[in-house]
Amino acid sequence: MIHSISSSLPSFKTLKFRPGFNVIVADKSEGATGRQTRNSSGKTSIAWILHHLLGANCDANSIFRAEELCQHSFEMRFDLARQKVTATRTGATYGRMVVDANLSEWSVQPKLDSVSGETSFTVSQWTEALGESMFGLQPGEKLSPTFRSCIPYFIRREWDGGFDRPENAFKQMSAWNQQVNLSFLLGLDWHNPQKLERLRQQEKTIRELKKDGNHGILRDLVGTTGELKTRLAVAEKRLSSLQQQLNGFQVLPEYRELEKEASTLAVRISQAANEIAVQGERASVLENQLRDEQPPRVTDLEKMYSEASVVLPELVCQRLSDVQKFHERVLRNRRTHLQGELDRIRNRITELDKNRSRSDQCRLEILQTLSSRGAIDQLQKLQAEQSRVAAETEELRRRLDTATRIEETRTKLTIERAQVQQSTLADHREHDSVIREAVLLFEDFSRRISDHEGSLMIDVTENGPMFSVQVEGGRSVGIRNMQVFCFDLMLSVLWAQRGMGPGFLFHDSHLFDGVDERQVAAALQLGCEQSNEHGFQYIVTLNSDMIPQREFSPDFDFDNFVNPVRLSDAEETGGLFGLRIR
C-alpha cells in the first residue's frame, strides 16, 4: 500500500493514506469564476506523481521538468518486498531514483553517490526491482512483460487514452504488448504471444522481401524461384559449353597469318571462277562462229539467173568460179584463226580450273587447321566469357537459394504459427479455472454496478489470445468507463489473492465522467468492499459535486474514507502543488 506522497516543494499538500478505501475530494471554492475549474486542482497530478516515482519516462514535456518543479523532489513511501520503502526523484536528476530501504537482499543493487552519500538506482534498475518485487518479473528478453507495461492497469492514465478500452492500458498499446502483458497478469502462459509476435516480425520481413522481390529494387537481387530456376539452367548449360571449348582449345601462334592466307586464297578462287565463266562465254561464241562460217555457192547464183530466163556468158561463169575459190581460202584462214583462239581459251580454262582446285584444297587445309586451333586473343576472350558466365551462374545460384529459403521460411512460419495456436489452446485448457475465475469476477462486478452487464471474452485465434469486453450499449462513455473499473478491480483482486501485485489501485475522477450516480455509488462501494476483503488499497479522486450521497447504502459511511486533505480550484493555493504551473 501507499503510505504517503510528499514533496520538497513548500506549497505541496502532503497526502497520507490508510489501508483499504481512500477518497481525495476536490471542492469548488466560494466565488470561483467559470474559468476556475477543479480540473486544475491536482487530482490527475496524483497519477502523474505515482508514475513519476514508479519509473515513468520524464522527457522534456514532463510536468516535473517544468521550471516551477524541476529542482524539487517528490517522494512516495509505500510497501515493497515486505518492508516500507521511500522512493525520491527530481526533475533535475530524472535519470536516477534515490531509494531508502534495506536493500541487502535485493537482486538489483543501487550505487552510492560519493558526493551526496545517497544510494540511487538508474530508472531502468528501479523498474527492474519494482517488477521483480511486485510481479515476480525477471529481467529478460525482448517482448517480455515489463513493470512499466503492467502498472498502467493499476494506475490508469487518462491523458494517455487509458480509459478508452478496458483491455488496453494505454491508447497506442500494440496487440502483442496487450497479449503478452494480459496473459501474464491473468496467470496464463505469456510465452505463446511472445513467440507469436516474433513470428509476426519474421512474417513482416518475409512479406517485404517477397514484395520487393516481385518488383522493385530487390527483384534484381532475389526474384521468383520459377524464373531463377529457368535462368540458372540456361546459364549452367552455357557455362558447360564454354568449359568444353576451353578444354579442347589449342593456341596456334601463326593463326593470324594463316587466317590472312585463307582469305587471300578465297579471293583467288573467286577470281578464277569469274574468269572461267568469262572465258567459257567467249569459247561458246567462237564455237558458234565456226559453225556459221560457210562460203557462198555459185550454183545458187546460176540457178537464180536461170529462173529469170537469163543465160550467163562463159566468161562470167569463169569469173564467178575464181571468186568462189577466193572466198574459200579466206574462210579456211578464218576458221584456222577461230579454232586456234578457241583452243587457247580452252587451255586457259583448264589451267584456271586446276589453279582453283589447288587453291581450294590449300584453303580447306588451312581452315581445318584454324578450326582445331585458335589465336591467343581468342583464348583470352573465351576465358573472359567463361569467367563472366561462371559469376552469373553463381549469382543465380545464390539468388535461387535466397528465394528458396524465403519460401521455406514462409512455410515454416505458417507451421510454427499453427503450433503456437495449438500451444495457446492447450495452455488455456490447462488454466481453465484461472480464466473462469477472471471471467466470473468481471461478470459479477459488472452486474453489481450496472444494468448493462459486461462479459470478459478470452478467445484463442490464429493471431494470438484475444481479450475483449462485450457489453450492450458499450459505446457510451459512462458504460465503457465502468467496464474499465470492473476490469482493473478484477486484476487487483486476482493479484491480491496471489499475495503479490502493487497492493494498490488508483482511479482518477475522469473514470466516473458521464456515469449515472447510482453506478458511481455502486462502484465506490464495490471498490471499498473488495479492497477491504482482499487487503489491497483503492484510491479514488472525486469532485465534490460527483459524490452520490443519496445513492449510497444506509450502512456505507462515505465520509469516513475521505482524505483530510481536500483540494480545490482556489487561485494559486487550492491545488495539490499549491501553485499554478505554466
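The values are calculated or read from the model by the stated rules, or taken from the named source; none is laboratory data. Owing to the predicted nature of the structure, the values given are computational and were not obtained by experimental measurement. Using ideal geometry, Cβ is built from the backbone for each residue, glycine included, and neighbour counts are taken over all protein chains shown. For the accessible areas, the whole protein counts, side chains as well, though only heavy atoms, and no ligand, DNA or RNA atoms are used. Shrake-Rupley method; radii C 1.70, N 1.55, O 1.52, S 1.80 Å.
In table form, for the structure just shown:
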quantity: Å² per residue, accessible surface of region 110-174 at 1.4 Å; calculated: 45 Å²
quantity: Stretchable slack from Arg348 to Arg429, in nm (0.36 nm times residue separation minus alpha-carbon distance); calculated: 18.0 nm
quantity: Per principal axis, descending, Cα span of region 70-141 in whole Å; calculated: 34, 28, 22
quantity: Sorted peptide list for 75-87, 517-529, 549-561, criterion being average Cβ within 10 angstrom, highest first; calculated: 517-529, 75-87, 549-561
quantity: Percent of C-alpha pairs per 5 Å bin, region 411-559, short to long; calculated: 2, 9, 16, 18, 18, 13, 9, 6, 4, 3, 1, 1, 0
quantity: Sites Glu67 and Ser476 - FRET efficiency at Förster radius 35 Å, r taken between beta-carbons, to 0.05; calculated: 0.30
quantity: Assigned charges on the beta-carbon of Lys, Arg, Asp, Glu; region 435-475 dipole about Cα centre (debye); calculated: 100 debye
quantity: Under-5 Å amide H pairs with Gln537, H placed in peptide plane, nonlocal only; calculated: Gly20, Phe504, Leu505
quantity: Solution diffusion estimate, µm²/s, Stokes-Einstein, region 383-462, Kirkwood Rh from C-alpha pairs, 4 °C, viscosity 1.567 mPa s; calculated: 74 µm²/s
quantity: Stretch gain in nm, segment Gln201-Thr573, where the contour uses 0.36 nm per residue and the Cα spacing is subtracted; calculated: 128.7 nm
quantity: Pairwise FRET efficiency - Arg388 versus Gln138, Cβ, R0 = 45 Å, nearest 0.05; calculated: 0.20
quantity: Portion, in percent, of the accessible area of region 420-479 that falls on carbon or sulfur, probe 1.4 Å; calculated: 44 percent
quantity: Cα convex hull of region 139-208, projected area averaged across orientations, nm²; calculated: 5.3 nm²
quantity: Inter-probe distance in nm under a simple model that places probes 7 Å from Cα toward Cβ, at Val285 and Gln361; calculated: 3.4 nm
quantity: Kirkwood-type radius of region 501-551, with distances r between different C-alpha atoms, in Å; calculated: 11.5 Å
quantity: ³J(HN,Hα) computed for each position of region 124-141 - Karplus, 6.51 cos²θ - 1.76 cosθ + 1.60, integer Hz, glycine/proline x; calculated: 5, 5, 5, 5, 5, 5, 5, x, 5, 6, 7, 10, x, 6, 9, x, x, 6
quantity: Taking N as its residue count, the alpha carbon Rg of region 515-582 over 2.2 N^0.38 Å; calculated: 1.32
